[in-house]
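The values are calculated or read from the model by the stated rules, or taken from the named source; none is laboratory data. Being a predicted model, the structure only gives us computed values, none of them experimental. Reconstructed Cβ throughout: ideal geometry from the backbone, glycine too, with neighbour counts over all protein chains shown.
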Amino acid sequence: MSDSAAPLLELRKISKNFPGTRALDCVELSVFPGEVVTLLGENGAGKSTLMKILSGVWPEGSFEGQIFIQGKSVRFRDTRDAHGAGVAMIHQELSVFPELTVAEHLELDQLPRWIDWKGLYTRTQSFLDSIGLELSAHDKVGGLSIGGRQLVEIARALYRNAQILVFDEPTSALTESEVRKLYEIINKLRKEGHGIIYITHRMDEVFELSDRMVVLRDGKNAGEILRCENGTVKSRKEIEPKIITWMVGREIQDIYPIKNKKIGAQLCRVQGLTLRSPRGKTLVHKLDFELREGEILGFGGLLGAGRSETFEALFGIFHPSGPRGRGFNKQGNLWIRNKRQDLKTPTDSIRAEMAFVSEDRKGNGLVLNQSIQKNLTLPLLSKPSVFPSNPICQGSWLTSFVNPVQSAKETQRWVKEFKIKISDIEQPVSELSGGNQQKVVLAKWLLTNPEILFLDEPTRGIDVGSKSEIYQWIQRLASQGMGILLASSEMPELLGLCHRIIVLREGKMTSELVSQNTSQEEMMRAAAL
């Protein structure tokens, strides 16, 4: 990026109102040729709204302000206009058609009525080779990995001659090797003069890629900083505290709270847990461990290591006689307070004082078109009684009968406890930010007064402020005697929260580590070697 270069993109005084909310207030953002700008902010800060305006989802007339591309004012009636102006967005949740080939995806909006199939595959393969992507034009997109599908979306954007690319949390479901490949592609695009906006909550990515960091808070510009200024590269230690303060409006001295030190009696024990898929693939292999009262037990490992499968098998999701477990072969034993359990369904697990915060909060954790109130009370329908044994849950219902007045009261109480930002308890949960959605998921399970809590990637896609609040809650629950099983792909999170960490590789335990005596390097060796 040249200091004298003109901006490739300028967003000037962009404002956007929703009923009762000013989502954006005179926001400004510029991107220069060959520059990677990381766009940061808490969930609900306005990042997605701003990018929807840039990509044509919110058309002209629905917002105030101006968009300039290469110094020329542009107006977008829809996403097609944005594509025509050279803007492309690679979404976190990829929009692909599994049965189409890579070639068909590249020319999806350009295919004529009569198709020269040989010509289509020849020119698209030539293009893929020219930009260095290891893809075959003949491959079905549904057969590719998540990383491969993402490469198709990037290729499609470049095939349309996009000069401005927006990446929205692109690494959330990628393996380590796929992440490195993505970084290589972004660096190549930077050298070729493309302008890139990169949205992420992961600080490692910020300092890996950024030329400039721009922070939004409450729909306004909160601050921005250059990584390199006057030939001097600024250190992470110098920059990170400023970014966090801009994002949350306050300093977070230590994002991880002090760990609970009151570890009690054995709460549960797992022996010989094994899970095989209908095709005979071993997903979990002879896993043994125990969990004690007040303990946070972490599960680490690379993508595909078997963390989620372990949790789902224990919670009754993958049981041979259950609807989702048919065809699976599950073996092993589970004891809770020295009593052997045979949990065939999640309903059985809820009745056994267990709760499960799923990795996929939108797909498995919430009913998105239903209200906050209905989502919060849903698990109680599976439980015959809810006893206020946990101090944090005192005042909860004594039966699963859903009384509308009591339901509203409980919902308002938990909204206040978790500081969930809402307009009304009847608001659809789909309208909440990711961090607030995750708080709803956690609150709904705490209403059931669990003794054992499964947390699978509890802070994925959540801003640093919401992370800090959820971390405080996790330690608070542990201090009251709850046993917590926590799976995470973020090693600092496991080290910062957990007492012990079980590292998995291909469904097998490779190591059991005491967090205070462990480094990230040791965890990575156990996970990958």
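Residues that are over 26 Å from the mean Cα position of the chain (by Cα) and of a type outside the set (D, E, K, R), at least 3 per element: which strands (runs of 3 or more DSSP E) completely within region 188-305 meet that?
Filter on region 188-305 gives 266-276, 282-292.
Please work out which one of (1) modelled with pLDDT of 90 or more; (2) surrounded by fewer than 20 Cβ atoms within 10 Å (Cβ to Cβ) is the condition Val179 fails and give its number.
(1)
Could you identify the single residue in Ser515, Ser466 that is among the polar types (S, T, N, Q), in contact with a strand residue (DSSP E or B) (Cβ under 6 Å, 6 or more places away or on another chain) and farther than 19 Å from Asn364 by Cβ?
Unique residue meeting the criteria: Ser515.
Of the residues that make up region 504-521, is at least one under 20 Å from the mean Cα position of the chain (by Cα), at pLDDT below 85 and not charged (D, E, K, R)?
The answer is no; no qualifying residue exists.
So which residues in region 442-494 are over 27 Å from Asp204 (Cα atoms) and either without any contact (Cβ under 8 Å) to a residue 12 or more places away in the chain or in a helix (DSSP H, G or I) (or both), if there are any at all?
Those that are over 27 Å from Asp204 (Cα atoms) and either without any contact (Cβ under 8 Å) to a residue 12 or more places away in the chain or in a helix (DSSP H, G or I) (or both): Ala443, Lys444, Trp445, Leu446, Arg476, Leu477, Ala478, Ser479.
Considering region 269-313 alone, what residues qualify as being farther than 14 Å from Ile502 by Cβ and touching a Phe, Trp or Tyr at 6+ places or on another chain (Cβ under 7 Å)?
Scanning region 269-313 gives Leu275, Arg276, Ser277, Pro278, Glu312.
Does region 52-70 include one or more residues that are more than 27 Å from Ala5 (Cβ to Cβ) and of a type in the set (Val, Ile, Thr)?
Scanning region 52-70, I find at least one residue that is more than 27 Å from Ala5 (Cβ to Cβ) and of a type in the set (Val, Ile, Thr), so the answer is yes.
Quick one: is Pro384 assigned by TED's automatic domain parsing to the domain that holds Val441 and at pLDDT below 85?
yes
Identify the residue in region 182-197 that is surrounded by 22 or more Cβ atoms within 10 Å (Cβ to Cβ) and of a type outside the set (A, V, I, L, M, F, W, C) and, among all such residues, is farthest from Glu107 (Cα to Cα).
Filtering first and then ranking leaves Gly195.
Condition (residue is part of a loop (DSSP other than H, G, I, E, B) and surrounded by fewer than 20 Cβ atoms within 10 Å (Cβ to Cβ)) applied to region 38-55: is it met by at least one residue?
no
For region 500-525, name all the residues that are assigned to a helix (DSSP H, G or I) and touching a residue at least 24 places away in the same chain (Cβ under 8 Å).
Matches in region 500-525: Ser515, Gln520, Met523, Met524.
Determine which member of the set Glu10, Glu28 is in contact with a Ser or Thr (Cβ under 6 Å, 6 or more places away or on another chain), modelled with pLDDT of 90 or more, at negative phi and not in a loop (DSSP other than H, G, I, E, B).
Sole residue among the options that is in contact with a Ser or Thr (Cβ under 6 Å, 6 or more places away or on another chain), modelled with pLDDT of 90 or more, at negative phi and not in a loop (DSSP other than H, G, I, E, B): Glu10.
Answer yes or no as to whether Gln438 is crowded, with 22+ Cβ neighbours inside 10 Å and within 22 Å of the chain's Cα centre (by Cα).
yes
Just give me the residues in region 241-259 being modelled with pLDDT under 80 and aliphatic (A, V, I, L, M), in sequence order.
Residues satisfying the conditions are Val248, Ile252.
Can you name the condition, by its number, that Ala222 falls short on among (1) in contact with a helix residue (DSSP H, G or I) (Cβ under 7 Å, 6 or more places away or on another chain); (2) buried (at least 17 other Cβ atoms within 10 Å of the Cβ); (3) free of Cβ contacts under 8 Å to residues at least 60 places away in the same chain?
(3) is the only condition that Ala222 fails.
Mind checking whether some residue in region 248-258 is more than 18 Å from Thr38 (Cβ to Cβ), touching a Ser or Thr at 6+ places or on another chain (Cβ under 7 Å), touching a residue at least 60 places away in the same chain (Cβ under 8 Å) and not hydroxyl-bearing (Ser, Thr, Tyr)?
Among the residues of region 248-258, at least one is more than 18 Å from Thr38 (Cβ to Cβ), touching a Ser or Thr at 6+ places or on another chain (Cβ under 7 Å), touching a residue at least 60 places away in the same chain (Cβ under 8 Å) and not hydroxyl-bearing (Ser, Thr, Tyr), which makes the answer yes.
Quick grid of which residues meet (1) touching a Pro at 6+ places or on another chain (Cβ under 8 Å); (2) surrounded by 20 or more Cβ atoms within 10 Å (Cβ to Cβ); (3) basic (Lys, Arg); (4) at pLDDT 95 or above:
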{"position": "Pro278", "(1), (2), (3), (4)": "no, no, no, no"}
{"position": "Glu295", "(1), (2), (3), (4)": "no, yes, no, yes"}
{"position": "Phe299", "(1), (2), (3), (4)": "no, yes, no, yes"}
{"position": "Gly325", "(1), (2), (3), (4)": "no, yes, no, no"}
